[in-house]
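See below for the structure under consideration.
Derivation of every value follows stated rules applied to the coordinates shown; laboratory data play no part. Because the structure is a prediction, the values reported are computed rather than measured. Don't worry about glycine lacking a Cβ; one is built from the backbone with ideal geometry, like all the others, and counts go over all protein chains shown.
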Amino acid sequence: MVLAALILIVVAVFAIFVLLYFQGRQRPDTGAEYVALGSSYAAGLGLGPRVPGSPIVCQRSVNGYPQQLARITGLTLTDMSCSGATVSHVLRGGQMFQGPQIDALGPDTRLVTLTAGGNDIAYVGDLTALAYQQRGGVAGFLIGLFWNGAQPAAERNFEALRANLVSTLREIARRAPNARIFVVTYPAILPPEGTCPALGIGADDAGLMRQVGVRLAEVTREAAKEAGATVVDMDQLSAGHDACAPEPWVNGAAPKQGAPFHPTLAGARAAAETIKHALEEAD
């Protein structure tokens, strides 16, 4: 019995490995008008069914803002966004056997959106860890054993993030010289001051992480300006729609739909509509 169970486990693990490998090694379609790049904030983690045929590891939903934008504009889309992706994954690949996200760019690309950087400086990961730790239980206990706590913004490597963003945006422009490149900042998760029950963290932790979010938005804007890309500033536009607001564009720690500290369906819709308006103004 034990041997049979072990064999089944080994077979299952091997099958998952093979599936992830072949999904990751698929060549992307380079003929789309619109190519979406980025992390789970673009992928729409938890906002609906997974995009058919997309890598399981990416958890790319049919309601992420790229998918919604493609539906309301009629643009053909190659969505490369992937939960857990860093800027380096966008530029160089290496995420669970996947190549660079920018490999989807081609001569027909007319629009590129990029939302990335939060994973590079452990922004959402630290918010989630703080909430679990404060909640207690087994998860909180384990996090306390293996996690050293949230670092202040000044101790996070924002310079490396800025350099990677600039390099990525310049490579996007080189590969897709006729495309409009929109850098979409992360929407505000935390209120301007204090905390609320939905966040599941104390005021001091919220204050620390607020500075991380502010600096992430600043660095993203700076990199976009240096690389000549257009900023769609969801950080500023989401004022009054943080996780504590009556109509949040971002979830708190324990949402009924979507992922903790990730965009709500309304937040993804707002991003799609804002980008659509930016496109119309540029015409």
For this session: Considering Cα pairs under 8 angstrom that are at least six residues apart, work out the relative contact order of the chain and quote it in whole percent.
Result: 19 percent
For this session: Per residue, how big is the convex hull around the C-alpha atoms of region 184-283? Give it to me in cubic angstrom, could you?
Result: 89 Å³
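Just rank V138, V231, V62, fewest to most, by other beta-carbon atoms within 10 angstrom. Each step should come with its number before you reach the end.
Numbers: V138 8, V231 19, V62 16.
Neighbour counts put them in this order, fewest first: V138, V62, V231.
Shape call for region 43-100 from the C-alpha gyration tensor, a ≥ b ≥ c root eigenvalues: rounded (a/c under 1.5), prolate (a/b greater than b/c) or oblate?
On the way: a/c = 2.18, a/b = 1.57, b/c = 1.39.
Prolate.
Rank the residues F158, F146, F261 as a footprinting-exposure proxy: fewest other Cβ atoms within 10 Å of their Cβ go first. Could you put the intermediate results ahead of the total?
Working: F158 20, F146 7, F261 28.
Going from sparsest to densest Cβ surroundings: F146, F158, F261.
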Exercise. In terms of modelled amide H atoms, which long-range or inter-chain residues lie less than 5 Å from the amide H of V231?
Worked result: V183
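Kirkwood Rh over alpha-carbon pairs of region 222-267, then Stokes-Einstein at 10 °C and 1.306 mPa s: what D in µm² s⁻¹, rounded to an integer?
Details: Rh = 11.7 Å.
Answer from the Stokes-Einstein relation: 135 µm²/s.
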Seminar exercise, completed: Percent antiparallel among DSSP beta bridges confined to the chain, nearest 5, equals 15 percent
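Return V214, V166 ranked ascending by Cβ neighbour count within 10 Å, so the fewest neighbours appear first. The partial results should precede the final answer.
Details: V214 14, V166 19.
Listed from fewest to most nearby Cβ atoms, that is V214, V166.
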Seminar exercise, completed: Rounded to whole angstroms and listed largest first, the alpha-carbon spread of the chain along its three principal axes comes to 55, 54, 33
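Based on the Cβ-Cβ distance of R50 and L237, what FRET efficiency does E = 1/(1 + (r/R0)^6) give at R0 = 25 Å, to the nearest 0.05?
Working: r = 28 Å, r/R0 = 1.11.
Efficiency for this residue pair is about 0.35.
Note down the Stokes-Einstein diffusion coefficient of region 62-209 in µm²/s, whole number, using a Kirkwood radius over alpha carbon pairs, 20 °C, and 1.002 mPa s.
Working: Rh = 17.5 Å.
For these conditions, the coefficient is 123 µm²/s.
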Exercise. Along the Cα-to-Cβ line of E222, 7 Å from the Cα, sits a label point; which residues in region 141-172 have backbone N less than 11 Å from it?
Worked result: 158-163
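Starting from the Cα gyration tensor of region 16-138, take the square roots of the eigenvalues, sort them a ≥ b ≥ c, and report rounded, prolate or oblate (rounded when a/c is under 1.5, otherwise prolate if a/b is larger than b/c, else oblate).
Prolate shape, in that a/c is at least 1.5 and a/b is the bigger ratio.
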For this session: Pop out the ³J(HN,Hα) list for region 35-48 in order, Karplus 6.51 cos²θ - 1.76 cosθ + 1.60 with θ = phi - 60°, rounded to Hz; leave Gly and Pro as x.
Result: 10, 9, 10, x, 9, 5, 5, 8, 5, x, 3, x, 8, x
